[in-house]
1. How much mean residue ellipticity at 222 nm does the chain get from its helices, if each DSSP H run of length 4 or more adds -39500 (n - 2.57) and you divide by all residues, to the nearest 500 deg cm²/dmol?
2. Can you list the residues, at least 5 places off or on another chain, whose amide H is less than 5 Å from the amide H of residue 219, using H built in the peptide plane?
3. For the range 268-275, take each phi angle, set θ = phi - 60°, evaluate the Karplus expression 6.51 cos²θ - 1.76 cosθ + 1.60, and give the result in whole Hz per residue in order, putting x for glycine and proline.
4. Kindly express, to the nearest 10 degrees and within the range 0 to 90, the angle between helix 110-119's C-alpha long axis and the longest C-alpha principal axis of the chain.
5. Run the paramagnetic zone check for residue 106: 7 angstrom along Cα to Cβ, then residues of the range 335-363 with backbone nitrogen under 13 Å.
6. Semi-axes, largest first, in whole Å: what does sqrt of 5 times each Cα gyration tensor eigenvalue give for the chain?
7. Using a 10 Å cut-off on Cβ atoms, rank the peptides 102-111, 325-334 from the highest mean neighbour count down.
8. Which aspartates and glutamates, if any, have their Cα less than 13 Å from the Cα of residue 341, not counting same-chain residues under 8 positions apart?
Amino acid sequence: MKNLSKFISIILLVISISTLSAQEGYKDVKAPDSLTVFINKYIHETINIGNIVFSPNQKPKNIILFIGDGMGVAQVFGGLTANGGKLNITNFPITGFSMTQSADNYVTDSGAGGTAIACGVKTNNGSIGVDEKNIPVKSLIELAETAKLSTGIVVTCALSHATPASFVSHVKSRKYYEEIAAGYVNSGIDVFIGGGLNDFAKRKDKRNLVEEIKLKNYNIAYNLDELDKIKSGNIAAFLDTVHLPKAELRNEMLTKSVAKAISILKNNDYGFFMMVEGSQIDWGGHQNNTAYIERELLDMDKAVGEALKFALEDKNTLIIITADHETGGMTLSGGNIEKGKIVAKYTSDDHSGIPVPVFAFGPGAENFSGVYQNTELFKKIVQLLDLKN
Ligand code: MG
Ligand code: ZN
């Protein structure tokens, strides 16, 4: 009898799900209702920004740009809920929206989305550091290097993956991982930390880029302990063969790497520009996996806290947090801030076309309020750092 009623309810569930799919036509809907409860262990303290006021004409010496891949408003406010109602990200005083459409699609990928932010041009999905006609366009990292600033990249994916790739290479396809990795060799980037060792050292063309990078006087690290021991000079850290593991298995890699990168990059009178990516928020989105999304979101929020500590002391650093696009068409259909509970729903297992939030703190932050194209992020940063484009 028990088994029969169980059988009937399963049949009813299957019917209701298939009716829903037929009605809505969303073939991508895999997990329409995913419930996550976070118990206090995910709560981290946030940094108190206070009432620090910057003069409206002050330009920042340094800019730290955080990109939460796939981080839309729901991902951020899910993280806020999971963390008991507080986040470093949502403490930022200036907010805006970035429109993410690519040259050839209403819904961008991370190649075109990254290129818009890194190079200031709308390009076709899948392209990296080139315009629609496949012509290379200089990135913020390259322009900052020319202007003698120090530069850095810290990511939780392979360094050859689309988002960081947009800042260092110029290729027609994001899949040219080895060509992208080669972009780091002559980039002049002072600090780069992430995964992707295989694209540097296990290549079809037999070049060993790690050896080439060593000859350019970089300190090399293959794990967090080795990274921790480096106290000065340029750093190339390959912390995994491909991507880093998920947040709960990374041992605070992102926060530690941001702290290390800042400690190196800050020693330049011309200033620095650094891009930090919370790469895997997007992957949780593709899986419609609320816990994965929010652990990654909170992991990036901790790293934002590390950057904030520096910015509050330095008083000459602008921090910008944004995304290349939203992933999952995620929304919060329920939740409880006290319990850190989120009920999320998804409309897709891919990216969506809605604008993504921008948060800014520091000198020049007010330039980031409003609603604008993702390419404006590039233009605002070029203007604030006096880069020559
Ligand atoms: Mg990415
Ligand atoms: Zn994605």
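Computed from the coordinates by the stated procedures, all read-outs in this text should not be read as laboratory data. Keep in mind that this is a model prediction, so the values were computed, not measured. We place every Cβ from the backbone using ideal geometry, glycine too, and count neighbours over all the protein chains shown.
1. For the chain, the value works out to -10500 deg cm²/dmol.
2. The answer is 234, 235, 236.
3. 10, 4, 7, x, 9, 10, 9, 10
4. 30 degrees
5. Taking a point 7 Å out along Cα→Cβ of residue 106, the residues of the range 335-363 whose backbone N falls under 13 Å are 352-355.
6. So the three semi-axes of the chain are 35, 24, 21 Å.
7. 325-334, 102-111
8. List returned: 294.
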